[in-house]
């Protein structure tokens, strides 16, 4: 299955799940909780305060070598948007890709997704935990602070 087919399939619209494709074109779904959605919203609002250019996208689709992956929150610079607009899925990763950790996520799963985002051009990947802790990574590993100057308080 391709991402275009997923988007065109009426039976897959308005599901209470996050949908991704694996490297074999199979749909992978993760249930989302209200807490998870609230964190996505809070993160997006805070990024908007720090980065008043570009755009914050919730559930941003990115074509990777292992299928279409969907970070919970992504920030795209004006330069990124000038190049790709709102192409779906993006052929490259936005500058910041953020995953809100759910009980169903493992650290290994998230590390694997971050590797895919970095391979597609992400500058930073963040893991946000239910406790409010935020771990920030660049392609070299974990870093203390975002190079973009964003500080989340959850």
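The values are calculated or read from the model by the stated rules, or taken from the named source; none is laboratory data. This is a predicted model, so every value here is computed, not measured. With ideal geometry, Cβ positions are generated from the backbone for all residues, glycine too; neighbour counts draw on all protein chains shown.
For the list (1) in a strand (DSSP E or B); (2) in contact with a helix residue (DSSP H, G or I) (Cβ under 7 Å, 6 or more places away or on another chain); (3) modelled with pLDDT of 90 or more, I need the number of the one condition that residue 74 fails.
Status for residue 74: all satisfied but (2).
Residue by residue through the stretch 28-65, note down the ones that are farther than 13 Å from residue 97 by Cβ, in contact with a helix residue (DSSP H, G or I) (Cβ under 6 Å, 6 or more places away or on another chain) and surrounded by fewer than 16 Cβ atoms within 10 Å (Cβ to Cβ).
If the condition is that a residue be farther than 13 Å from residue 97 by Cβ, in contact with a helix residue (DSSP H, G or I) (Cβ under 6 Å, 6 or more places away or on another chain) and surrounded by fewer than 16 Cβ atoms within 10 Å (Cβ to Cβ), then 53 is the only one that fits.
Could you go through the stretch 44-61 and let me know if any residue there is over 29 Å from residue 13 (Cα atoms), in contact (Cβ under 8 Å) with a residue 24 or more places away in the chain and touching a strand residue (DSSP E or B) at 6+ places or on another chain (Cβ under 7 Å).
Restricting attention to the stretch 44-61, the residues satisfying the condition of being over 29 Å from residue 13 (Cα atoms) are 49-53.
Then drop every residue that is not in contact (Cβ under 8 Å) with a residue 24 or more places away in the chain, which leaves 50-51, 53.
Imposing the further condition that a residue be touching a strand residue (DSSP E or B) at 6+ places or on another chain (Cβ under 7 Å) reduces the set to 51.
Yes - at least one qualifying residue is present in the stretch 44-61.
Let me confirm something: among 121, 132, which residue is farther than 20 Å from residue 44 by Cα, more than 10 Å from the chain's Cα centre (by Cα) and part of a loop (DSSP other than H, G, I, E, B)?
Details: 132 fails: farther than 20 Å from residue 44 by Cα.
Testing whether each residue is farther than 20 Å from residue 44 by Cα, more than 10 Å from the chain's Cα centre (by Cα) and part of a loop (DSSP other than H, G, I, E, B) leaves just 121.
Which of the residues belonging to the stretch 130-154 are without any contact (Cβ under 8 Å) to a residue 40 or more places away in the chain, in contact with a strand residue (DSSP E or B) (Cβ under 8 Å, 6 or more places away or on another chain) and surrounded by 14 or more Cβ atoms within 10 Å (Cβ to Cβ)?
Keep residues of the stretch 130-154 that are without any contact (Cβ under 8 Å) to a residue 40 or more places away in the chain, which gives 131-145, 147.
Now drop any that are not in contact with a strand residue (DSSP E or B) (Cβ under 8 Å, 6 or more places away or on another chain), which leaves 134-138, 142-145, 147.
The answer is 134, 135, 136, 137, 138.
Name the residue, out of 83, 69, 115, 108, that is without any contact (Cβ under 8 Å) to a residue 12 or more places away in the chain, surrounded by 14 or more Cβ atoms within 10 Å (Cβ to Cβ) and under 26 Å from residue 146 (Cα atoms). Walk me through it before giving the result.
Numbers: 83 fails: surrounded by 14 or more Cβ atoms within 10 Å (Cβ to Cβ); 69 fails: without any contact (Cβ under 8 Å) to a residue 12 or more places away in the chain; 108 fails: surrounded by 14 or more Cβ atoms within 10 Å (Cβ to Cβ).
Result: 115 is the single residue among 83, 69, 115, 108 that is without any contact (Cβ under 8 Å) to a residue 12 or more places away in the chain, surrounded by 14 or more Cβ atoms within 10 Å (Cβ to Cβ) and under 26 Å from residue 146 (Cα atoms).
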